[in-house]
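Chemist: Structure incoming, see below.
What follows draws every value from the coordinates through simple rules; no lab data is involved. Worth saying up front: this structure is predicted, and the values here are computed from it rather than measured. Quick reminder, even Gly has a Cβ in these numbers, built from the backbone with ideal geometry, and neighbours come from all protein chains shown.
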Amino acid sequence: MEVLQSLRYSLYLIFHPFDGFWDLKHEKKGNLKTAMLIVAMVCVTFILRRQLTGFILNEVKLRELNIIVEILSVALPFFLWCVANWCLTTLMDGEGSFKDIVITSAYALIPLILINLPLIAFSNVITLEEAAFYRFFDILAIVWAGVLLFLGTSVVHQYSLTKTFLTCICIVIGMGLIIFIALLFFSLLQQMFSFFYTIYKEVALRL
Amino acid sequence: MRARRILAIVFIFVLLCPAVAHADEPYSNYNYDFWGTPIPAPAAYVPSRIIDGRALDIDNFNKPSDLFTGPDNRLYVADSGNSRIVVINENWELDRIIDGFDKNGVRDTFRNPQGLFVTPTGEIYVADTDNSRIVHLDPDGKFIREIGPPVSDIIPADFKYYPTALVVDKANRIYIVAQGVNQGLIELDHNGDFVGYTGASKVKINLIDYTWKMIATDEQRERMVLFVPTEYNNIDIDNDGFLYVTTGTIALEDIDYAIRTRSKDDRYAPVRKLNPTGTDVLRRNGYFPPVGDVSFRSRGYAEAGHSQLYDVCVEDSGIYSVLDKKKGRIFTYDTDGNLLYVFGGIGNRLGNFRDPVALDIINDQFVVLDFNMAQITVFEPTEYGRLVKEAVELHLNGKYDESAARWEQVLKYNANCELAYIGMGKAYLRKDDFRNAMKYFKLGNKRDYYSKAFDLYRQEVIGDNFGLVVAGLVVLYIGSRVLKRIRVRKKAGLKAMGKVEA
């Protein structure tokens, strides 16, 4: 019940972002459960979109669906954003906690679901000539979600718009850094593993 | 019980029977699907015979470099190393050898002739490479004239003229590919006078190189690599006078880019069709541009890397084939640029090559000349290859139903043939059977035609159910009004109740 109400509130939020995000945090209109549900719904939306978009606009190999990759391609960037956001804003006097950030960011993704789901149906009844409409709404969803993400960050940390803008750029760079370090870490781990394995082999063969 | 025993005996016999033996070509037969994955396909052409010096009962060929199909299905071979032209008749027997000619009373010979062309009337033009001239002979091999190096203000005095390939159009204009010329083809008029260069490809300017060049000093600029257009390596001409040229000098990254983006740009195209003004007009509407192989394993494998196109030959119908010198494959494309079939390969068996340099078609059979093995391999079409070709040709001639019938047969041989599905789809579209057309275009991964069929289908559905659609809209409208009113009333009622409670 709480979740349903919260979901309904998200419909208000996407049209009134300033009030919406404020109340989301301070009036406790949002909760983590709903946020997770929204992220899951975005994942589902993108999978549906990959598989069910009309033939004319869909050039992927339908037979080669890897559901884990699809889920990760939504969830991983999302949490990366949240982590990078939290890392930076704690240093920069941001007022939002990690939970606030996750909730805000998740609610900002609502337009992706709302626009993409009807768009899937729409893509099945249009021809190539009408594809421009499809592309328009496709881009609209992304821009809308992007603006909400931006405003959400601004409201939840009580930043001015310029500061938010700079922070957002830094967050994106931070995401890249995290990926880089993660890759470095795994690569090192692998090397270490192979090093010890070689030692083990050497010893085992000599004994 | 008895029936069972008989059945058992039959089974044993079936198991004992050896598998049906079939000739196996020493190369893989495949075609690319929409995503660029090579998909196995039935063989379209199989090797049928080898022609070399021994088969013709003459000295072996020595570094032969060109062959050409003349009138009466005679095959003319430029046997460069022996400085002679060998003519083979349609029974694959020696017709004659032209190893010299009588020039104004003096005996003259060729020196390393690398290209030749035979007009429909049988006149022979030979690119006499090391003699820096074109020799024009009549059908009997008698000397008519010779055409020396082109003379013009725009040609530098120290220009070394080595013609390697040529064609002559119906107006007797001569188009020559010469070594080291990157301005395009050399065009001569019917007298053999230089007209100009034609068909030079546009230079692709790289923004980074351009900026560097702008800030560089004059000395630095001189030392930089020049931006040169591509150099052509072979040429053919079709019935309408369009020139088909191939080039092997396109950067591999550019070809990769063209494959990745399914580019129709002629600047990245190793095969081009030039109209009389020298502009490329080749249609590249296939899944991928005609570049030979579009998917290859990375370096280090025997069969890795890009195709290197070295020769092209056009059939009367406009179907053209290109020869991949590096991997010894022949790729055949239709007029739209769809890959029809692939055959051939590098190796030592019948149907393989070591260094294929020239390709032509004679009576539906492909002849491929091998420079290194000094022999000609003849390929003949299989039933499958013939069906594909007929289907394409019938479609070009406007016989759509017959074409569709051929495609249907093709599908029996090869259910992965996307081109066949498209062909069937087109036939259904013409019959106004939009649903089937959509089905087949989907199987053939042809989105633009699917869209067309779908558009018509949609019109049909809406047209048939127009009354229903309007009725549905009216019901929706009224329904929403009624619902709204009910809601307003409920709210009013609740308010009233709230007041009473308060």
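Chemist: Between the alpha-carbon centers of the stretch A:41-87 and the stretch B:445-463, tell me the distance in whole angstrom.
Modeler: What the calculation gives is 29 Å, centre to centre.
Chemist: Return the average number of partner chain Cβ atoms within 10 angstrom of each residue Cβ along peptide B:441-449.
Modeler: 2
Chemist: Let me ask you something else. Suppose the Debye formula is applied to equal point scatterers at every Cα of the stretch B:406-464; what is log10 I(q)/I(0) at q = 0.20, 0.28 Å⁻¹?
Modeler: Per q value, in the given order, log10 I(q)/I(0) is -0.64, -1.04.
Chemist: For B:GLU383 and A:ILE68, FRET efficiency with R0 = 35 Å and r from the beta-carbon atoms, rounded to 0.05?
Modeler: 0.15
Chemist: Work out, step by step, the length gained on full extension between B:LEU473 and B:ASP209: first 0.36 nm times the residue separation, then minus their alpha carbon distance; give nm to one decimal.
Modeler: 88.9 nm
Chemist: Rounded to whole Å and sorted largest first, what semi-axes of the equivalent ellipsoid does the C-alpha gyration tensor of the stretch B:83-234 yield via the square root of 5 times each eigenvalue?
Modeler: One finds semi-axes of 38, 16, 14 Å for the stretch B:83-234.
Chemist: If all Cα-Cα distances of the stretch A:58-128 are sorted into 5 Å bins from 0 onward, what percent lands in each bin, rounded to whole numbers?
Modeler: 3, 13, 15, 17, 17, 12, 9, 7, 5, 2, 0
Chemist: Ordered by residue, what ³J(HN,Hα) values in Hz, to whole numbers, does the stretch B:115-122 give under the Karplus form 6.51 cos²θ - 1.76 cosθ + 1.60, where θ = phi - 60° and Gly and Pro are x?
Modeler: Along the stretch B:115-122, the couplings run x, 8, 9, 10, 6, x, 8, x Hz.
Chemist: Label points 7 Å out from Cα along the Cβ direction at A:LEU7 and B:ASP364: separation in nm?
Modeler: 6.6 nm
Chemist: Turning to a different aspect of this structure: Calculate how steeply helix A:67-91 sits against the longest principal axis of the alpha-carbon atoms of chain A, using the helix alpha-carbon long axis, and give the answer as 0 to 90 degrees to the nearest 10.
Modeler: Roughly 90 degrees between the two axes.
Chemist: Then there is this: About its Cα centre, what dipole magnitude does the stretch A:29-88 give when the only charges are +1 on Lys and Arg Cβ and -1 on Asp and Glu Cβ, stated in debye to the nearest 20?
Modeler: 180 debye
Chemist: I've got another one for you. Let's test the formula: R0 of 22 Å, r as the Cβ-Cβ distance of B:GLU402 and B:ASN445. What FRET efficiency results, to the nearest 0.05?
Modeler: The calculated FRET efficiency here is 0.35.
Chemist: Next up: Can you give the average number of partner chain beta-carbon atoms within 10 Å of each beta-carbon in peptide A:46-57, as a whole number?
Modeler: Numbers: counts 0, 0, 0, 0, 0, 0, 0, 0, 4, 8, 7, 2.
That average works out to 2.
Chemist: Please compute the contact order of the stretch A:2-206 in relative form: average sequence separation of alpha-carbon pairs under 8 Å and at least six residues apart, divided by the residue count, as a percent.
Modeler: Reported as a whole number, the value is 27 percent.
Chemist: Tell me the label-point distance for the pair B:ARG260, B:ASN239, using the 7 Å Cα-to-Cβ offset, in nm and rounded to one decimal.
Modeler: 4.1 nm
Chemist: Viscosity 1.567 mPa s, temperature 4 °C: give me the Stokes-Einstein translational D for the protein assembly as shown in µm²/s, with Rh taken as the Kirkwood radius over C-alpha pairs. Provide the component values of the computation, followed by the final result.
Modeler: Numbers: Rh = 31.9 Å.
After rounding, the answer is 41 µm²/s.
Chemist: Using the alpha carbons of chain A, what is the convex hull volume per residue in cubic angstrom, as a whole number?
Modeler: Enclosed volume per residue, from the Cα hull, is 178 Å³.
Chemist: Evaluate Rg over Rh across the stretch B:30-381, taking Cα atoms for both radii and Kirkwood's formula for Rh.
Modeler: The Rg/Rh ratio comes out at 0.97.
Chemist: May I ask for the percentage of alpha-carbon pairs in the stretch B:226-370 that lie more than 19 Å from each other?
Modeler: Summing the P(r) of the stretch B:226-370 above 19 Å gives 49 percent of all pairs.
Chemist: Short version: ³J(HN,Hα) in whole Hz for each residue of the stretch B:143-153, in order, from phi by Karplus 6.51 cos²θ - 1.76 cosθ + 1.60 (θ = phi - 60°), x for Gly and Pro, what are they?
Modeler: Those phi angles translate into 5, 9, 6, 10, 10, x, x, x, 10, 6, 5 Hz.
Chemist: Among the trypsin sites (Lys or Arg not before Pro) in the stretch B:146-182, which ones are in a DSSP loop with at most 11 other Cβ atoms within 10 Å of the Cβ? Mind listing them?
Modeler: Of the trypsin sites (Lys or Arg not before Pro), the ones in loops of the stretch B:146-182 whose Cβ has at most 11 other Cβ atoms within 10 Å are B:LYS160, B:LYS170.
Chemist: If you don't mind, another one. Given all pairs of different Cα atoms, what value in angstroms does the Kirkwood hydrodynamic radius of the stretch B:230-290 take?
Modeler: 11.9 Å
Chemist: Under 8 Å for C-alpha pairs, at least 6 residues apart: give me the relative contact order for the stretch A:11-80, rounded to a whole percent.
Modeler: 25 percent
Chemist: Hey, rough spin-label estimate for B:HIS190 and A:TYR197, points 7 angstrom out along Cα→Cβ, what's it come to in nanometres?
Modeler: For the pair B:HIS190/A:TYR197, the computed spacing is 7.7 nm.
Chemist: Could you work out the relative contact order of chain B, using alpha carbon pairs under 8 angstrom and six or more residues apart, expressed as a whole percent? Could the numbers behind the result be given before it?
Modeler: Numbers: 995 pairs, mean separation 60.6, N = 502.
Relative CO of chain B lands at 12 percent.
Chemist: Using modelled backbone amide H atoms (1.01 Å from N, in-plane), which distant-in-sequence or interchain residues come within less than 5 Å of B:ILE346's amide H?
Modeler: Placed amide hydrogens put B:PHE353 under 5 Å from B:ILE346.
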